[in-house]
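No value in this document is a laboratory result; all are computed from the given coordinates. Just so it is clear, the structure is predicted and the values come from calculations on it, not from any experiment. Cβ: placed from backbone, ideal geometry, glycine included. Neighbour counts: every protein chain shown.
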Amino acid sequence: MKNGSNTVSESVKTKPSNACKPSIVWFRRDLRITDNSALREAVKFGGPVICVFILESGQRAIGGASKWWLHHSLAALSASITQIGGQLVLRRGNPVEILDDLVDASGAQNVFWNRRYDAAGMETDKRVKARLTERNLVAQSLKSNLLFEPWDIEKKSGGYYKVYTPFKRACLSAGVDRPALAAPDRLLSPEAHPDSDTLEDWGLLPTNPDWSKTIAATWTPGEEGAKARLSAFLHDDGIVGYREQRNLPAIEGTSRLSPHIAFGEISPYQIWSAATAPDLDIPAQDLETFLSEVLWREFSYTLLFYNPDLASRNFQPRFDGFPWEGDADRLPLWQNGQTGYPMVDAGLRQLWQTGWMHNRVRMITASFLVKHMLLDWRHGEDWFWDTLVDADPANNAASWQWVAGSGADAAPYFRIFNPMSQGEKFDREGAYIRQFVPELKDLPTKYLYAPWKAPADVLKKAGVELGKTYPKPIVEHSLAREKALSAFAKTKEAA
Ligand code: FAD
């Protein structure tokens, strides 16, 4: 099933009668003017262009961190659109009714948007398309946010790939179908722009308390911020050494493009085109690993498309009876980075302070929740959804299920991340822990990963009083490990 896509030939067929008539471009998770297929198509039609963003009802409510990002991203998009002669109209509510209203107000004959792949989004798009088509308007959805739409890559034997490596191989053999598109130079304005809400009135920014200061100090939402980050990553040696350094949370060894990608401020086409440009001299192994991560996102979207309830339901039904015997009252200890395991706490505090967490530490913290604390992965998915600036319906759900063992091509449940040895291996000097768990900063590195093992005089010298200045471990590692394995054994029996 495609997401109600109109074919290009349909648009060509209708173009003559509708050319030069106003077109509406409906922005969603594609808050950019560069490489925006819908915007390009509207400009091609030759008439005035009305740009609209709708804060939709009836979708999974976005989290606090995403709201903060959205506010700034919309402000940036509005500025970019104004620069090329247009105006961004903001509306809130049901897209079917709002687009209907905008068509009436502007006389638009064409409506363009880029496809999305989550269930609620696709359902809305279908209803919008049905309504606009009923009114004999051009209603065209386009591919812009994925390199490979879920139906583009299928197994020879039919069906979609549930294992990543053959999926990736099939993508690479199909090849990326086009380079990135340039931003339009100019938009023709309609005689009058439809009324717009005021961004500030949407209340997307936190007040009372305003927890966003440290997040604001970390990020520059918007298309320009995204381009600058990509360029710094590709040109200032960020990508050189990526294969090894991407596992080290203390350094900027990854692109940190994820929130920009999640809001569509930069497209995968722009990333792919820039990273594979012939004039760049990136070591092959680093480039290959980076592109492989970009394809993990494509894989997650394929999974989401074919499993619309990926965020709420086990991909492998045998996990439906999993005994999540942990004490949910202890969830806040995990959320607040108070588990007594420094590597876990550092990750969760990084998340709270910056709205982002390093991938290696996402795996460690997620594994700790589902395996050490025996809490359902959906608690973690929900927390990440609320607090990540890159919260993404496909990546978050697929990754949580991957860690929990319930997902497609998942880590085997019995692979239980050891938070101490992970710290020793990937935060060898302890710089990451010291940054986010400063109450331990004076502990010798040797004891940093398991402070309860430090002799009393060492703790005292470092100013650490376990249970007072830093928590004692909330679970004992080897006991928790055994409990998790025996819970998993029950799941196996149930299969
Ligand atoms: P880079 O290493 O520079 O990778 C470039 C891009 O590739 C990323 O921006 C992202 O779009 C994509 N990518 C990288 N790793 C993955 C992956 N494992 N799966 C899918 N796509 C990937 N990523 C999100 O974008 N949103 C989420 O909500 C999210 N939730 C996660 C939850 C858990 C429990 C785990 C283990 C991972 C999650 N990830 C999520 C995947 C990954 O951690 C982030 O994409 C990555 O850390 C972002 O940092 P980066 O942009 O520097 O990545």
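Annotations
- Any hit, region 226-233, residues being hydrophobic (A, V, I, L, M, F, W, C), assigned to a helix (DSSP H, G or I), more than 23 Å from F426 (Cα to Cα) and in contact (Cβ under 8 Å) with a residue 60 or more places away in the chain: yes
- Test: residue in region 271-285 that is buried (at least 22 other Cβ atoms within 10 Å of the Cβ) and within 25 Å of T220 (Cα to Cα): yes
- Residue in region 297-308 that is among the basic types (K, R), out of contact with any Ser or Thr (no Cβ under 7 Å at 6 or more places or on another chain) and within 25 Å of A484 (Cα to Cα) present: no
- Residue ID - nearest to P473 (Cα to Cα), chosen from residues in region 368-394 that are more than 10 Å from the ligand (Cβ to nearest atom) and aliphatic (A, V, I, L, M): M373
- Residue that is surrounded by the fewest Cβ atoms within 10 Å (Cβ to Cβ) [pool: residues in region 342-359 that are closer than 23 Å to Q401 by Cβ and in contact (Cβ under 8 Å) with a residue 60 or more places away in the chain]: N359
- The set of residues from region 451-465 being under 36 Å from the mean Cα position of the chain (by Cα) and surrounded by fewer than 19 Cβ atoms within 10 Å (Cβ to Cβ) comprises just one member, W452.
- The residue that is farthest from S144 (Cα to Cα), counting only those in region 201-218 that are touching a Ser or Thr at 6+ places or on another chain (Cβ under 8 Å) and in a loop (DSSP other than H, G, I, E, B), is P206.
- Those residues of region 70-90 which are surrounded by 21 or more Cβ atoms within 10 Å (Cβ to Cβ) and either in contact with a His (Cβ under 7 Å, 6 or more places away or on another chain) or within 21 Å of T124 (Cβ to Cβ) (or both), in sequence order: L70, S73, L74, L77, L88, V89
- Taken over region 164-200, the criterion of being in a helix (DSSP H, G or I), loosely packed, with under 14 Cβ neighbours inside 10 Å and in contact with a helix residue (DSSP H, G or I) (Cβ under 9 Å, 6 or more places away or on another chain) is satisfied by L172, E200.
- Evaluated against (1) at positive phi; (2) surrounded by fewer than 22 Cβ atoms within 10 Å (Cβ to Cβ), W324 falls short on exactly one condition, (1).
- Entry remark, region 91-108: residues being surrounded by fewer than 22 Cβ atoms within 10 Å (Cβ to Cβ) and not in a helix (DSSP H, G or I) number 5 in total.
- Counting only helices (runs of 4 or more DSSP H) wholly contained in region 403-472, the ones carrying 2 or more residues that are touching a residue at least 12 places away in the same chain (Cβ under 8 Å) and out of contact with any Gly (no Cβ under 8 Å at 6 or more places or on another chain) occupy 419-426, 431-436, 456-461.
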